[in-house]
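One structure below.
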Amino acid sequence: MERQRILKLYEWTTGICFRHPGKGAVPTALVAVLILPDDGDHEVRACTNCVITLEDMKREMGSRSAGNCQPAE
Ligand SMILES: [Zn+2]
């Protein structure tokens, strides 16, 4: 339902999803940057489905720990 709204918050570029490398190049958003001591920065990119999954997880964790019912924006 909020999928489109969530997806608009990210910038999308073609890349490889960290959970679905087998899909090849798909629209992806930057979700994290890993800094490896030997290897420098690594961008972690996620496809639309994974971004939605991550956002759902974030919201669930937030509502569990914060315990308030403020609507997001
Ligand atoms: Zn994915």
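Readers should treat all values here as calculations from the given coordinates under stated rules, not as data from a laboratory. In this text the structure is predicted, and so the values were computed from the model without any measurement. Note that each Cβ is placed from the backbone with ideal geometry, even for glycine, and that neighbours are counted across all protein chains shown.
Kindly indicate whether any position in segment 28-38 is within 14 Å of the ligand (Cβ to nearest atom), surrounded by fewer than 11 Cβ atoms within 10 Å (Cβ to Cβ), of a type in the set (S, T, N, Q) and at negative phi. No; the residues of segment 28-38 include none that is within 14 Å of the ligand (Cβ to nearest atom), surrounded by fewer than 11 Cβ atoms within 10 Å (Cβ to Cβ), of a type in the set (S, T, N, Q) and at negative phi. Within segment 1-28, residues that are free of Cβ contacts under 8 Å to residues at least 24 places away in the same chain reach partners that are aromatic (Phe, Trp, Tyr) and surrounded by 12 or more Cβ atoms within 10 Å (Cβ to Cβ) with beta carbons closer than 7 Å, at six or more positions or on different chains, in the pairs 27/12; 28/12.
If the condition is being closer than 17 Å to residue 21 by Cβ, touching a helix residue (DSSP H, G or I) at 6+ places or on another chain (Cβ under 8 Å) and not in a strand (DSSP E or B), then segment 40-53 contributes 48, 51. Just the residues that are closer than 14 Å to residue 52 by Cβ, touching a strand residue (DSSP E or B) at 6+ places or on another chain (Cβ under 8 Å) and not in a strand (DSSP E or B), please, taken from segment 8-39. The answer is 10, 17, 19, 20.
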